[in-house]
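Right, one structure below, let's go through it.
The values are calculated or read from the model by the stated rules, or taken from the named source; none is laboratory data. Predicted model only: the values in this text are computed from it and were never measured. Cβ coordinates were reconstructed from backbone atoms using ideal geometry, including for glycine residues, and neighbour counts include every protein chain displayed. We work out accessible area using only protein heavy atoms, side chains counted, and drop any ligands, DNA or RNA first. Shrake-Rupley method; radii C 1.70, N 1.55, O 1.52, S 1.80 Å.
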Amino acid sequence: MIDRKYIIANWKMYPITVNEVRDFLSFFTDVKCPQGLDAIICPPFPYLSLFDQSNCFKLGGQNCSDKDKGAFTGEVSAFMLSQLRAQFVLLGHSERRMHYHEANDTIKRKVVLAQSCGLTPVLCVGEPIEVYQEKKSFAYIQQQLSETLSSEIDLTKIIVAYEPIWAIGSGLTPTKEEIKAFAKAFKDEYDLPILYGGSVNAEVASMLAAIENLNGLLIGWASTQPDEFKKIIFNFSGNN
Ligand code: PEP
C-alpha cells in the first residue's frame, strides 16, 4: 500500500521572467507542506537554480535526455538535473510525445538513465479523445506501460501520471467516477503510485481528494498561480 501523496507542478514554459519565479517563491516562504505529501515543482531548466531551501518544495525536471553525455546540442542530462537538487523528472509527457515525437522506446531509455542518476521518473501516460470515447482508455494505458516498463526499470522507484490528452489545458476532466474506476483498475494490476493530471484546479483537487487509490496530482497552468496552487495542495491533502 502506497501512502505517500504527490502534488507535482509542471510549469512548462509558462513563467517568462526570473521575477515571476521569485514572487512565487516568496509567496510560499512560510508555508509548510502537509505531512506525508511531497510538493514538487518542475520549472523550466534555467530556473531550477533559483530554488533554495526557503520553502517546502522538492524539485523535478520536465524532461531529460535519453543520452548520458556528449555532443547532443540542446539536451540536458539526468545527471545534470540531479546536480541542481532535482529528485524527480517528468518523462513521456504528451506534449513531448506530440511535438517532439517521443516514442515509448526513447522514453524507456530516459527512465533507465534517470533512475541510474537517482531521480524518480514520473512517467506520463494518457489517451486521445477518440480512445476515451470508445471507452478503451485503460487498454491504451496498459499498452503504453507495457512498451515502457522493461525489466531494467526499478519498479519501486517510479510514479505513473495518468493524463488524458484531451483533458490537458482544456478545462475538461473525466468524471470523478471515471477517475476512481481508472485508479482502481490501475491498482489491481500495478503496485505503483498513480497520479491524475489534466485541468486540475483547487475545486477539482477537493473532488479528487477522496479517491482512495489516487496518490496525487500533476498540475499544469494552475500550478503557476501561487494562491491556487496552495489551495490545491491543502485541498488534496484534506488539510484545508
Ligand atoms: C499537464 O500538462 O501536465 C497538465 C496537467 O496541464 P493542465 O493542468 O494545464 O491541464
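Taking Cα centre as origin and charging only the Cβ of basic (Lys, Arg, +1) and acidic (Asp, Glu, -1) residues, the dipole magnitude of region 69-213 rounds to 380 debye. Placing unit charges on the Cβ atoms of the charged side chains and taking the dipole of the chain about its Cα centre, the candidate lying farthest along the positive direction among SER94, GLY238, VAL200 is GLY238. In this structure region 135-240 gives 46 Å² per residue of accessible area when probed at 1.4 Å with all protein chains present.
Put the Cα centre of region 50-101 next to the Cα centre of region 188-213 and the gap is 23 Å.
Overall size of region 144-240 from C-alpha positions, given as principal axis extents largest first: 42, 24, 24 Å.
Largest to smallest in accessible area, the residues LYS12, LYS230 fall in the order LYS230, LYS12 (1.4 Å probe, all protein chains included). Contact order for the chain, expressed relative to its length and based on alpha carbon pairs under 8 Å spaced 6+ residues apart, stands at 21 percent.
Projecting the Cα atoms of GLN83, LEU149, ILE129 onto the charge dipole of region 75-153 (Cβ charges, centred on the Cα centre) puts GLN83 farthest toward the positive pole.
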